[in-house]
Amino acid sequence: MKVVVGDTNLAPHRDRFEAALPDGVSVCWPDGAVADELGDADVFVGGRFGAQLAAAAPKLRLVHAAGAGTDKIDFDALSPDTLVANTFHHEQSMAEFVVAASVMLRRHFLEQDRALRTGRWATSVYDRSIAQPASLRGARIGFVGFGHIGRRSWELFRAFGADGAAVTGRGNLDAAAEGLRWAAGTGRLTDLMAESDVVVVSAPLTEQTVGMIGVAELAAIGPHGVLINVGRGPLVVERDLYEALSSQAIAAAAVDVWYRYPDATGYGAPSALPFADLPNVLMTPHSSGVTRDTFIGRADDIAANIGRLHRGEPLHNLVAR
């Protein structure tokens, strides 16, 4: 069995990954064109797999994303016999980001940092026009989506004494079991926005969820609310978010997922709009889940699934075609 690894995030864990594979499995870590290695490959590991790669891989039995998202895999181009699986392990790292961003933005640490670099102590202690910020105790957290990321984030928020509610696509979340004040379907999205101090967006990107947060929803958050998007950029309408931030219709946002992504050099503006000029946005390069712990867990999961495929056993985390 031949495995081609096209996700460079696994490279730091190469020895661990290969040691976990059964005998008889060879692994290729291509430096150049991935397609050149796919002719006799049984497994491809990576989250980007389009029609061109599919055409170069006639024997492929499994595409295994090294993460949760499979929206960059062209399912239609795959053979009906090719399985697709994913993995997670990002929830702890992303929950840390969500809570940290909430604290930074609600307590105005970004503004204080910039001001102090000019010699100004921008705090209510020295400037009576500045209000004292609130802690997370009693803060109302609204979750748009409540999967691995939302659930782990909520566990951390609860430790600070926050209050929570959630909307999900299926609308069948048991609020009492999760310790939430209420939970409902996305039909109550505006209600969630209106009552939340912090809105955490981690819903999956589908045809139904593209642009689910626009002018009306952002207006409902209000001038004291904070939006944190760790799901996918297009869940929030790009221009509407920019306008809400620039006009201070919302207080601030942390954006980890974007509308444009870089080329192979790692350079490129994340949006056609000048988010970088705004003082009330925390911009990160889709890095909220990127930690050593995340990719160790993913390497172990993928190696275990390849072992199952090699032995003819059912795979874990299969993604429906």
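The values are calculated or read from the model by the stated rules, or taken from the named source; none is laboratory data. Keep in mind it's a predicted model, so treat the numbers as computed, not measured. Methodologically, a virtual Cβ is constructed for each residue, glycine included, from the backbone with ideal geometry; neighbour enumeration extends over all protein chains shown. Keep in mind that these areas ignore ligands, DNA and RNA; they rest on the heavy atoms of the full protein, side chains included. Shrake-Rupley method; radii C 1.70, N 1.55, O 1.52, S 1.80 Å.
Residue 67 satisfies every condition listed in (1) open to solvent by 20 Å² or more (accessible area, probe 1.4 Å); (2) part of a loop (DSSP other than H, G, I, E, B) except (1). Condition (residue is open to solvent by less than 50 Å² (accessible area, probe 1.4 Å), assigned to a helix (DSSP H, G or I) and of a type outside the set (Lys, Arg)) applied to the stretch 130-138: is it met by at least one residue? No, the conditions are met nowhere in the stretch 130-138. Where strands (runs of 3 or more DSSP E) sit wholly within the stretch 1-58, those with at least 2 residues that are open to solvent by 20 Å² or more (accessible area, probe 1.4 Å) and under 25 Å from residue 313 (Cβ atoms) occupy 26-28.
Checking each residue in the stretch 301-321 for being loosely packed, with under 12 Cβ neighbours inside 10 Å and either modelled with pLDDT under 95 or under 13 Å from residue 90 (Cα atoms) (or both) picks out 320, 321. For the stretch 301-321, taking the residues that are assigned to a helix (DSSP H, G or I) and among the aliphatic types (A, V, I, L, M), the one that is farthest from the chain's Cα centre (by Cα) is identified as 309. Only one of (1) under 24 Å from residue 89 (Cβ atoms); (2) open to solvent by 10 Å² or more (accessible area, probe 1.4 Å); (3) without any contact (Cβ under 8 Å) to a residue 40 or more places away in the chain is not met by residue 208, so which one is it? Result: residue 208 fails condition (1) only. Open to solvent by less than 60 Å² (accessible area, probe 1.4 Å), modelled with pLDDT of 95 or more, part of a helix (DSSP H, G or I) and β-branched (Val, Ile, Thr) - does that describe any residue in the stretch 78-87? No - not one qualifying residue is present in the stretch 78-87. So which residues in the stretch 279-300 are open to solvent by 20 Å² or more (accessible area, probe 1.4 Å), outside any strand (DSSP E or B) and within 22 Å of residue 232 (Cβ to Cβ), if there are any at all? Those that are open to solvent by 20 Å² or more (accessible area, probe 1.4 Å), outside any strand (DSSP E or B) and within 22 Å of residue 232 (Cβ to Cβ): 284, 285, 286, 287, 290, 291, 298. Pairs are defined by a Cβ separation below 6 Å, a sequence spacing of at least 6 or placement on different chains, a first member in the stretch 83-98 that is in contact (Cβ under 8 Å) with a residue 24 or more places away in the chain and under 24 Å from residue 139 (Cα atoms), and a second member that is surrounded by 22 or more Cβ atoms within 10 Å (Cβ to Cβ) and not β-branched (Val, Ile, Thr); the pairs so defined are 93/289; 94/288; 94/289; 95/153; 97/288; 98/153.
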